[in-house]
Amino acid sequence: MDFNLKLLFTFFFFTVSLFSGQGSAGGYYSNRHHRSHRLRATKLFVFGDSYVDTGNILVPFSSAQQFPYGITFPGKPSGRFSDGRVLTDFAGKHLGVKSPIPFSIRNEVGEERLKESGINFAFGGTGVFDTSVPLPNMTTQIDLFEQLRHAESGLSNRDVHLSVALVSVSGNDYSFYLATNGSAQGLKPFINSVVNQVMIDLKRIKRLGVKKIVVTGLGPLGCLPIFTAPFSFKQCNQTINSFVQFHNFLLKQAVDKLNKQITNQQHSYSSSSSSSSSSSSKIFILDVYDAFLSLIQGRGSGRVGLLKFKTPLKPCCFGVSSGFNCGSVDEKGNKKFVLCNDPKSAFFWDSVHPTQTGWSLAFSSFTSIL
(Lines give C-alpha, C1' and ligand atoms only; values in the text may rest on other atoms or scores of the structure.)
Protein backbone atom coordinates (compact mmCIF):
# COMPACT_ATOMS: atom_id res chain seq x y z
CA MET A 1 0.00 0.00 0.00
CA ASP A 2 1.56 3.30 -1.06
CA PHE A 3 1.79 6.45 1.05
CA ASN A 4 -1.00 8.26 -0.83
CA LEU A 5 -3.37 5.35 -0.25
CA LYS A 6 -2.56 5.40 3.45
CA LEU A 7 -3.35 9.12 3.53
CA LEU A 8 -6.70 8.41 1.88
CA PHE A 9 -7.51 5.83 4.52
CA THR A 10 -6.44 8.22 7.26
CA PHE A 11 -8.60 11.04 5.89
CA PHE A 12 -11.43 8.57 5.42
CA PHE A 13 -11.35 7.64 9.10
CA PHE A 14 -11.26 11.14 10.50
CA THR A 15 -13.91 12.43 8.10
CA VAL A 16 -16.20 9.56 8.95
CA SER A 17 -15.62 9.26 12.67
CA LEU A 18 -15.90 12.95 13.45
CA PHE A 19 -18.72 13.88 11.13
CA SER A 20 -20.66 10.84 10.06
CA GLY A 21 -19.64 7.58 11.71
CA GLN A 22 -19.11 5.31 8.74
CA GLY A 23 -19.83 1.63 8.85
CA SER A 24 -19.31 -0.97 6.21
CA ALA A 25 -21.53 -3.77 5.10
CA GLY A 26 -20.34 -6.58 2.96
CA GLY A 27 -19.82 -10.27 2.74
CA TYR A 28 -18.76 -13.38 0.94
CA TYR A 29 -21.49 -15.97 1.36
CA SER A 30 -23.85 -16.80 -1.47
CA ASN A 31 -27.29 -15.32 -0.91
CA ARG A 32 -29.11 -18.05 -2.81
CA HIS A 33 -28.85 -20.72 -0.12
CA HIS A 34 -30.20 -21.59 3.30
CA ARG A 35 -33.86 -20.90 2.55
CA SER A 36 -34.78 -23.83 4.77
CA HIS A 37 -33.27 -22.15 7.83
CA ARG A 38 -35.69 -19.26 8.02
CA LEU A 39 -37.21 -18.45 11.38
CA ARG A 40 -40.32 -16.48 12.07
CA ALA A 41 -38.55 -13.73 13.97
CA THR A 42 -40.25 -12.03 16.89
CA LYS A 43 -37.55 -9.39 17.35
CA LEU A 44 -34.48 -7.93 15.71
CA PHE A 45 -31.36 -7.05 17.70
CA VAL A 46 -28.78 -4.94 15.90
CA PHE A 47 -25.09 -4.42 16.62
CA GLY A 48 -22.51 -2.45 14.69
CA ASP A 49 -22.00 0.89 13.00
CA SER A 50 -23.58 3.53 10.80
CA TYR A 51 -24.79 1.13 8.13
CA VAL A 52 -27.36 -0.10 10.67
CA ASP A 53 -27.59 2.77 13.19
CA THR A 54 -31.13 4.20 13.21
CA GLY A 55 -30.69 6.98 15.74
CA ASN A 56 -28.23 6.18 18.52
CA ILE A 57 -25.96 9.05 17.52
CA LEU A 58 -27.53 12.01 19.32
CA VAL A 59 -24.53 14.37 19.38
CA PRO A 60 -25.22 17.59 17.43
CA PHE A 61 -21.99 17.49 15.42
CA SER A 62 -23.00 14.24 13.75
CA SER A 63 -23.92 14.76 10.11
CA ALA A 64 -26.82 12.33 10.62
CA GLN A 65 -28.47 15.01 12.76
CA GLN A 66 -28.09 17.68 10.06
CA PHE A 67 -29.99 18.59 6.90
CA PRO A 68 -30.19 17.05 4.29
CA TYR A 69 -29.94 13.68 6.05
CA GLY A 70 -33.37 12.09 6.34
CA ILE A 71 -34.98 14.14 3.55
CA THR A 72 -36.52 11.03 1.94
CA PHE A 73 -37.47 9.39 5.25
CA PRO A 74 -38.73 10.49 7.71
CA GLY A 75 -38.50 13.94 6.13
CA LYS A 76 -35.98 15.31 8.64
CA PRO A 77 -32.70 14.15 10.22
CA SER A 78 -33.31 11.08 12.38
CA GLY A 79 -29.82 9.84 13.13
CA ARG A 80 -29.72 7.61 10.05
CA PHE A 81 -26.66 8.03 7.86
CA SER A 82 -28.62 8.29 4.62
CA ASP A 83 -31.36 10.27 2.96
CA GLY A 84 -33.80 7.71 4.33
CA ARG A 85 -33.98 4.12 5.50
CA VAL A 86 -30.90 1.98 6.12
CA LEU A 87 -30.20 -1.75 6.25
CA THR A 88 -31.88 -2.21 9.65
CA ASP A 89 -35.18 -0.77 8.43
CA PHE A 90 -35.38 -3.10 5.46
CA ALA A 91 -34.39 -6.10 7.57
CA GLY A 92 -37.12 -5.34 10.09
CA LYS A 93 -39.78 -4.93 7.43
CA HIS A 94 -38.79 -8.18 5.75
CA LEU A 95 -38.91 -10.05 9.05
CA GLY A 96 -42.31 -8.60 9.86
CA VAL A 97 -41.20 -6.59 12.90
CA LYS A 98 -40.98 -2.86 13.43
CA SER A 99 -37.53 -1.35 13.04
CA PRO A 100 -35.93 -1.88 16.48
CA ILE A 101 -35.74 1.12 18.76
CA PRO A 102 -32.34 2.78 19.21
CA PHE A 103 -30.83 1.93 22.58
CA SER A 104 -30.28 5.63 23.31
CA ILE A 105 -34.02 6.33 23.42
CA ARG A 106 -35.26 3.03 24.87
CA ASN A 107 -36.55 4.68 28.06
CA GLU A 108 -38.64 7.15 26.05
CA VAL A 109 -40.68 4.56 24.16
CA GLY A 110 -41.54 2.06 26.89
CA GLU A 111 -41.50 -1.69 27.32
CA GLU A 112 -44.34 -2.39 24.89
CA ARG A 113 -42.33 -1.04 21.97
CA LEU A 114 -39.45 -3.28 22.96
CA LYS A 115 -41.77 -6.28 22.94
CA GLU A 116 -42.83 -5.40 19.40
CA SER A 117 -39.45 -5.02 17.78
CA GLY A 118 -36.20 -5.40 19.71
CA ILE A 119 -33.34 -2.96 20.23
CA ASN A 120 -30.72 -1.41 18.00
CA PHE A 121 -27.37 -1.15 19.83
CA ALA A 122 -25.40 0.08 16.80
CA PHE A 123 -23.51 3.37 16.98
CA GLY A 124 -22.11 5.06 13.88
CA GLY A 125 -18.32 5.39 13.81
CA THR A 126 -17.64 2.38 16.03
CA GLY A 127 -15.74 -0.82 15.31
CA VAL A 128 -15.22 -4.23 16.81
CA PHE A 129 -12.32 -2.57 18.66
CA ASP A 130 -12.14 0.96 20.04
CA THR A 131 -11.91 3.81 17.56
CA SER A 132 -11.39 7.48 18.36
CA VAL A 133 -15.14 7.87 18.55
CA PRO A 134 -16.04 7.76 22.28
CA LEU A 135 -18.96 5.41 21.71
CA PRO A 136 -19.65 1.72 22.49
CA ASN A 137 -17.61 -0.70 20.41
CA MET A 138 -19.07 -4.09 19.50
CA THR A 139 -18.06 -5.71 22.78
CA THR A 140 -19.71 -2.94 24.79
CA GLN A 141 -22.84 -3.13 22.64
CA ILE A 142 -23.12 -6.83 23.45
CA ASP A 143 -22.55 -5.97 27.12
CA LEU A 144 -25.63 -3.75 26.91
CA PHE A 145 -27.61 -6.60 25.38
CA GLU A 146 -26.49 -8.96 28.13
CA GLN A 147 -27.52 -6.46 30.80
CA LEU A 148 -30.90 -6.20 29.12
CA ARG A 149 -31.26 -10.00 29.13
CA HIS A 150 -30.66 -10.08 32.89
CA ALA A 151 -32.92 -7.14 33.66
CA GLU A 152 -36.70 -7.06 33.93
CA SER A 153 -37.08 -6.12 30.28
CA GLY A 154 -39.99 -8.25 29.25
CA LEU A 155 -37.72 -10.39 27.06
CA SER A 156 -38.51 -14.06 27.47
CA ASN A 157 -36.07 -16.80 26.48
CA ARG A 158 -38.47 -17.76 23.70
CA ASP A 159 -38.44 -14.19 22.36
CA VAL A 160 -34.67 -14.19 22.18
CA HIS A 161 -34.47 -17.69 20.71
CA LEU A 162 -36.85 -16.66 17.93
CA SER A 163 -35.10 -13.36 17.28
CA VAL A 164 -32.53 -12.45 14.65
CA ALA A 165 -29.29 -10.61 15.38
CA LEU A 166 -28.00 -8.33 12.63
CA VAL A 167 -24.30 -7.54 13.03
CA SER A 168 -22.67 -4.90 10.84
CA VAL A 169 -18.89 -5.29 10.76
CA SER A 170 -17.15 -2.00 10.28
CA GLY A 171 -14.41 -0.62 8.08
CA ASN A 172 -13.74 1.82 10.91
CA ASP A 173 -11.29 -0.57 12.56
CA TYR A 174 -9.03 -0.48 9.51
CA SER A 175 -9.34 3.26 9.06
CA PHE A 176 -8.45 3.82 12.71
CA TYR A 177 -5.52 1.40 12.45
CA LEU A 178 -4.01 3.34 9.56
CA ALA A 179 -4.91 6.74 10.99
CA THR A 180 -2.92 5.89 14.12
CA ASN A 181 0.24 4.99 12.16
CA GLY A 182 -0.47 1.31 11.69
CA SER A 183 1.91 -0.02 9.05
CA ALA A 184 0.80 -1.33 5.68
CA GLN A 185 2.93 -4.42 6.38
CA GLY A 186 0.98 -5.08 9.54
CA LEU A 187 -2.43 -4.68 7.92
CA LYS A 188 -2.97 -8.35 7.08
CA PRO A 189 -2.17 -9.51 10.63
CA PHE A 190 -4.52 -6.81 11.86
CA ILE A 191 -7.25 -8.13 9.55
CA ASN A 192 -6.77 -11.50 11.23
CA SER A 193 -7.25 -9.90 14.64
CA VAL A 194 -10.42 -8.10 13.49
CA VAL A 195 -11.95 -11.30 12.12
CA ASN A 196 -10.99 -13.19 15.29
CA GLN A 197 -12.74 -10.55 17.39
CA VAL A 198 -15.81 -10.70 15.16
CA MET A 199 -16.03 -14.43 15.81
CA ILE A 200 -15.71 -13.88 19.57
CA ASP A 201 -18.60 -11.41 19.33
CA LEU A 202 -20.78 -13.76 17.29
CA LYS A 203 -20.21 -16.66 19.68
CA ARG A 204 -21.14 -14.45 22.59
CA ILE A 205 -24.40 -13.32 20.96
CA LYS A 206 -25.20 -16.97 20.34
CA ARG A 207 -24.52 -17.85 23.98
CA LEU A 208 -26.97 -15.14 24.99
CA GLY A 209 -29.70 -17.11 23.27
CA VAL A 210 -29.98 -15.76 19.70
CA LYS A 211 -30.15 -18.72 17.33
CA LYS A 212 -29.99 -16.92 14.01
CA ILE A 213 -27.19 -14.39 13.51
CA VAL A 214 -26.61 -12.49 10.28
CA VAL A 215 -23.26 -10.75 9.95
CA THR A 216 -22.02 -8.44 7.23
CA GLY A 217 -18.55 -8.75 5.89
CA LEU A 218 -16.96 -5.76 4.23
CA GLY A 219 -18.39 -4.18 1.11
CA PRO A 220 -16.19 -2.89 -1.73
CA LEU A 221 -14.65 -0.04 0.27
CA GLY A 222 -12.52 0.89 -2.72
CA CYS A 223 -15.73 1.87 -4.52
CA LEU A 224 -16.83 4.37 -1.87
CA PRO A 225 -16.97 7.93 -3.24
CA ILE A 226 -14.29 9.00 -0.79
CA PHE A 227 -11.89 6.72 -2.69
CA THR A 228 -13.28 7.16 -6.21
CA ALA A 229 -13.22 10.97 -6.07
CA PRO A 230 -9.56 11.09 -7.24
CA PHE A 231 -10.68 9.11 -10.31
CA SER A 232 -13.58 11.51 -11.01
CA PHE A 233 -15.97 8.86 -9.64
CA LYS A 234 -15.28 6.61 -12.61
CA GLN A 235 -13.38 3.68 -11.13
CA CYS A 236 -12.89 1.84 -7.85
CA ASN A 237 -9.62 1.56 -5.97
CA GLN A 238 -8.67 -2.06 -6.47
CA THR A 239 -5.83 -2.00 -3.93
CA ILE A 240 -8.32 -1.27 -1.16
CA ASN A 241 -10.74 -3.87 -2.48
CA SER A 242 -8.00 -6.53 -2.40
CA PHE A 243 -7.67 -6.05 1.37
CA VAL A 244 -11.45 -6.18 1.66
CA GLN A 245 -11.50 -9.51 -0.16
CA PHE A 246 -8.89 -10.89 2.22
CA HIS A 247 -11.06 -9.89 5.18
CA ASN A 248 -14.10 -11.52 3.61
CA PHE A 249 -12.17 -14.70 2.82
CA LEU A 250 -11.03 -15.06 6.43
CA LEU A 251 -14.52 -14.30 7.70
CA LYS A 252 -16.07 -16.97 5.50
CA GLN A 253 -13.54 -19.54 6.64
CA ALA A 254 -14.19 -18.73 10.29
CA VAL A 255 -17.98 -18.77 9.94
CA ASP A 256 -17.88 -22.06 8.02
CA LYS A 257 -15.83 -23.60 10.81
CA LEU A 258 -18.14 -22.30 13.52
CA ASN A 259 -21.25 -23.51 11.68
CA LYS A 260 -19.77 -27.01 11.42
CA GLN A 261 -19.21 -26.97 15.17
CA ILE A 262 -22.78 -25.82 15.73
CA THR A 263 -24.14 -28.55 13.44
CA ASN A 264 -22.13 -31.23 15.23
CA GLN A 265 -23.37 -29.99 18.60
CA GLN A 266 -26.98 -30.07 17.37
CA HIS A 267 -26.57 -33.61 16.04
CA SER A 268 -25.05 -34.69 19.33
CA TYR A 269 -27.95 -33.13 21.24
CA SER A 270 -30.54 -34.73 18.98
CA SER A 271 -29.04 -38.20 19.36
CA SER A 272 -28.93 -37.96 23.16
CA SER A 273 -32.35 -36.38 23.66
CA SER A 274 -35.83 -37.60 22.80
CA SER A 275 -36.98 -34.02 22.16
CA SER A 276 -36.10 -32.24 18.97
CA SER A 277 -34.66 -28.76 18.75
CA SER A 278 -37.31 -26.16 17.98
CA SER A 279 -35.15 -24.38 15.44
CA SER A 280 -31.68 -24.62 13.98
CA SER A 281 -28.91 -22.33 15.10
CA LYS A 282 -26.71 -20.85 12.43
CA ILE A 283 -24.65 -17.85 11.39
CA PHE A 284 -24.97 -16.31 7.93
CA ILE A 285 -22.98 -13.74 5.97
CA LEU A 286 -24.65 -11.14 3.80
CA ASP A 287 -22.83 -10.80 0.49
CA VAL A 288 -23.04 -7.03 0.30
CA TYR A 289 -19.77 -6.95 -1.59
CA ASP A 290 -21.36 -8.60 -4.60
CA ALA A 291 -24.70 -6.82 -4.11
CA PHE A 292 -23.02 -3.41 -4.19
CA LEU A 293 -20.82 -4.29 -7.16
CA SER A 294 -23.82 -5.63 -9.08
CA LEU A 295 -25.53 -2.27 -8.72
CA ILE A 296 -22.38 -0.25 -9.40
CA GLN A 297 -21.57 -2.27 -12.53
CA GLY A 298 -25.18 -2.31 -13.72
CA ARG A 299 -25.50 -6.08 -13.74
CA GLY A 300 -28.00 -8.31 -12.05
CA SER A 301 -31.46 -9.68 -12.62
CA GLY A 302 -34.92 -9.08 -11.25
CA ARG A 303 -35.43 -5.91 -9.25
CA VAL A 304 -31.68 -5.26 -9.03
CA GLY A 305 -31.47 -5.18 -12.80
CA LEU A 306 -34.36 -2.75 -13.26
CA LEU A 307 -32.46 0.38 -12.30
CA LYS A 308 -29.18 1.42 -13.89
CA PHE A 309 -27.42 4.25 -12.10
CA LYS A 310 -25.85 6.65 -14.62
CA THR A 311 -23.04 7.64 -12.26
CA PRO A 312 -23.12 4.96 -9.53
CA LEU A 313 -19.88 6.04 -7.86
CA LYS A 314 -20.90 9.68 -7.52
CA PRO A 315 -22.73 10.59 -4.30
CA CYS A 316 -25.93 12.61 -4.19
CA CYS A 317 -24.65 14.88 -1.41
CA PHE A 318 -21.10 16.13 -1.87
CA GLY A 319 -18.95 18.85 -0.33
CA VAL A 320 -18.06 21.83 -2.49
CA SER A 321 -14.54 22.14 -1.08
CA SER A 322 -13.10 18.88 0.24
CA GLY A 323 -15.97 16.82 -1.15
CA PHE A 324 -16.72 15.03 2.11
CA ASN A 325 -18.83 17.52 4.01
CA CYS A 326 -22.44 16.58 3.34
CA GLY A 327 -24.56 18.43 5.88
CA SER A 328 -21.88 20.89 6.95
CA VAL A 329 -22.21 24.68 6.90
CA ASP A 330 -19.77 27.54 7.39
CA GLU A 331 -19.77 30.03 10.25
CA LYS A 332 -22.49 32.05 8.49
CA GLY A 333 -24.75 29.06 8.00
CA ASN A 334 -24.04 28.73 4.29
CA LYS A 335 -24.09 25.19 2.93
CA LYS A 336 -20.73 23.64 2.17
CA PHE A 337 -22.24 20.92 0.03
CA VAL A 338 -24.25 20.39 -3.13
CA LEU A 339 -27.25 18.11 -3.38
CA CYS A 340 -28.47 16.15 -6.39
CA ASN A 341 -32.00 16.75 -7.66
CA ASP A 342 -33.26 13.26 -6.91
CA PRO A 343 -31.69 10.91 -4.31
CA LYS A 344 -33.44 7.99 -6.04
CA SER A 345 -31.11 8.51 -8.99
CA ALA A 346 -28.00 7.86 -6.89
CA PHE A 347 -26.62 4.72 -5.30
CA PHE A 348 -24.43 6.56 -2.81
CA TRP A 349 -25.86 9.26 -0.57
CA ASP A 350 -22.63 10.76 0.77
CA SER A 351 -18.96 9.83 0.65
CA VAL A 352 -19.46 6.46 2.38
CA HIS A 353 -23.16 5.59 2.76
CA PRO A 354 -25.79 4.35 0.27
CA THR A 355 -29.07 6.11 -0.40
CA GLN A 356 -32.36 4.60 0.66
CA THR A 357 -32.78 3.42 -2.93
CA GLY A 358 -29.31 1.90 -2.85
CA TRP A 359 -30.09 -0.02 0.32
CA SER A 360 -33.48 -1.09 -1.00
CA LEU A 361 -32.02 -2.58 -4.17
CA ALA A 362 -29.09 -4.18 -2.38
CA PHE A 363 -31.43 -5.68 0.20
CA SER A 364 -33.30 -7.60 -2.47
CA SER A 365 -30.20 -9.80 -2.67
CA PHE A 366 -30.41 -10.66 1.02
CA THR A 367 -34.00 -11.79 1.44
CA SER A 368 -33.21 -15.50 1.03
CA ILE A 369 -30.98 -15.35 4.12
CA LEU A 370 -33.14 -13.17 6.33
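A few comments on the model shown:
- Every condition in (1) modelled with pLDDT under 95; (2) farther than 24 Å from residue 93 by Cβ holds for residue 313 except the one numbered (1).
Residue-by-condition table, conditions (1) surrounded by fewer than 19 Cβ atoms within 10 Å (Cβ to Cβ); (2) under 23 Å from the mean Cα position of the chain (by Cα); (3) modelled with pLDDT under 80:
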position	(1), (2), (3)
292	no, yes, no
297	yes, yes, no
304	yes, yes, yes
330	yes, no, no
333	yes, no, no
336	yes, no, no
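- Test: residue in the range 183-193 that is modelled with pLDDT of 90 or more, farther than 21 Å from residue 220 by Cα and not β-branched (Val, Ile, Thr): no
- Lone unmet requirement of (1) out of contact with any strand residue (DSSP E or B) (no Cβ under 7 Å at 6 or more places or on another chain); (2) surrounded by 19 or more Cβ atoms within 10 Å (Cβ to Cβ); (3) farther than 16 Å from residue 297 by Cα for residue 236: (3)
The values are calculated or read from the model by the stated rules, or taken from the named source; none is laboratory data. Just so it is clear, the model here is predicted, and its values are computed rather than measured. Quick reminder, even Gly has a Cβ in these numbers, built from the backbone with ideal geometry, and neighbours come from all protein chains shown.
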